[in-house]
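The values are calculated or read from the model by the stated rules, or taken from the named source; none is laboratory data. Quick caveat: nothing in here was measured; it's all calculated off a predicted structure. Heads up, the Cβs are rebuilt from the backbone with ideal geometry, glycines too, and the neighbour counts pull from every protein chain shown. SASA here: full protein model, heavy atoms, side chains in, ligands and nucleic acids out. Shrake-Rupley method; radii C 1.70, N 1.55, O 1.52, S 1.80 Å.
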Amino acid sequence: MTSFGFDNGRFEPQADTDSLAARPQNEGSNVCRSAALATLLQGGREETVQVEQVLGLFGFRDPRALAERDWRRESPLGWLRNTVLTVDDLDGTRVQRWLTLNETSQASDAVAFLIAVLASTLERESAASAAALWRGIAPRVRRLSRRPPLFPIYERVFDVIDDDMLGWSPRGWIGDYEDVIGEDRFAEAPSEPVAWDPDLWQRVFQRIGSIAAPYGDRYINTDLVLVLARWRLERALRSPDPITRSFALSALNVPAAPEPDDDPPSSWNTPPVTSPPGTLVVSTIVHGTWGWKGDWWRPNGGFHSFILNNYRQNLHNRGARFSWSGAYSNAQRILAANDFIDWASDVSPHGVQTLFGHSYGGEIAARARLAGTSIHELVYLSTPTSPPVVAAAARTPVVVDIRLQYDPVLGIARRGQRIRGVDGVREVLLNHSLDHGASHNEQVWKDEGVAQRARL
């Protein structure tokens, strides 16, 4: 069973076949393998090519060749036609399915591998696999025409599970294949956390897998895998481990398709930064999605105090701090950027010296810069490399990009992880970690000399 402490999910990447086994020392690599496959199942060619070198550290033989295979053109119903859901030798099955995937580059082999990882006794890797399966399959199955109703599947499930399994079942796991479950659900620590029970989960997996159609019914097996993935994700939302929760949130809160951009590039007529840094009296922090519930970015919060006391004595710590809804919505990020423009105009009319933006907080900062806010230095913290983020990097005097070498949360959500085509960006890659929040962890900054490497 995975133990949780102050580890930020740190791990050493491994590429050999022994690392495919469900062992605690292998879990980080298997989480990243699952997240990378989530990107590929969603057609993320560009996002995969951005990180192809680091994917080689996890045993992907040719990530670029995998990226060239547009799996979106295939029907997800065919991916499970010949896959056995009950697995007796989990480790051996995982190795064989991984080797086959590296030989064939077929989506069906990727899904087969993810199913074997889904059955894992390790909490983080099973949740990451469930997230990959859900993001890769559920939105497309939902759009299929003439899909049989789900009720017969649920009747079969109830026939094979015991009372203790039903009592452990998460709230809301029975339902249609919703793409989004709600912006704020369990974004921080759940009110009623539920401990991970690996033995019970394996029983659930084996019982539900046992009712798969023996001849690969094109609907039944797909529906059963999605029932398992949704069950696992709903349970992950109630985990006491924030890293496990982050995988579920990245799968269940991300829209199935890109949202329309109400702030197109044609509107990015950004004036240059004119105020020299010596005249700028305020620096600040913008939290990311769901981050308003945390305290790390607030005055007297851990990371805020660390930056204020060591690197930016002008970090805003008075009243009228900036915050936004934290909703996973393009419209909300545009609204937040407009609100930040007003905030900066009132609090720091001569401009902002350094703006630290975590995750989509970095995009809010970028949009404010593109709209004309004078920002001398942008410090992106695990920020998805959306078009506004890249464009703002080219229009800001100093840009620092601090992120994980591979971020499984961004991989599951199919978001870019590298700024390309912009000169002068100071990139700081943290040691291998699974924690999307490691980039704003003061202990990580101390251990890895982040400020010195970023020349802050």
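See the values below:
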{"quantity": "Shape category assigned to the chain from the gyration tensor of Cα positions, a/c cut at 1.5", "calculated": "prolate"}
{"quantity": "Rounded to 10°, Cα long-axis angle of helix 330-347 versus longest principal axis of the chain", "calculated": "20 degrees"}
{"quantity": "Gyration tensor (alpha-carbon) shape descriptor, the stretch 1-92, a/c threshold 1.5", "calculated": "oblate"}
{"quantity": "Accessible surface ranking that places the most exposed of Thr289, Thr100 first, with a 1.4 angstrom probe", "calculated": "Thr100, Thr289"}
{"quantity": "Of all accessible heavy-atom area on the chain, the percent that carbon and sulfur account for (1.4 Å)", "calculated": "48 percent"}
{"quantity": "Chymotrypsin sites (Phe, Trp or Tyr not before Pro), loop per DSSP, at most 11 other Cβ atoms within 10 Å - longest free stretch of the chain", "calculated": "216-456"}
{"quantity": "Whether the stretch 310-402 is rounded, prolate or oblate, judged on the alpha carbon gyration tensor where a/c under 1.5 counts as rounded", "calculated": "rounded"}
{"quantity": "Spin-label model distance (nm) - Glu192 vs Asp164, 7 Å beyond Cα toward Cβ", "calculated": "2.0 nm"}
{"quantity": "Accessible area expressed per residue, the chain, with surrounding protein chains retained (probe 1.4 Å, Å²)", "calculated": "39 Å²"}
{"quantity": "Total charge dipole magnitude, the chain, about the Cα centre, Cβ charges on Lys, Arg, Asp, Glu only, Debye to nearest 20", "calculated": "820 debye"}
{"quantity": "Simple spin-label estimate for Arg203 and Asn300 in nanometres, 7 Å along Cα-Cβ", "calculated": "4.7 nm"}
{"quantity": "Between the stretch 78-112 and the stretch 328-377, the alpha-carbon center distance in angstrom", "calculated": "45 Å"}
{"quantity": "Surface accessible to a 1.4 Å probe, Asp70 within the full protein complex, Å²", "calculated": "50 Å²"}
{"quantity": "Charge dipole of the chain about the Cα centre (unit charges at C-beta), most positive-ward option of Trp290, Leu404, Pro388", "calculated": "Pro388"}
{"quantity": "Pairwise FRET efficiency - Arg321 versus Thr100, Cβ, R0 = 60 Å, nearest 0.05", "calculated": "0.70"}
{"quantity": "Dipole of the chain, positive direction: furthest Cα of Pro24, Gln14, Thr39, with charges on the beta-carbon", "calculated": "Thr39"}
{"quantity": "Helical contribution to [θ] at 222 nm, DSSP H n ≥ 4, -39,500 (n - 2.57), averaged over the chain, rounded to 500", "calculated": "-13000 deg cm²/dmol"}
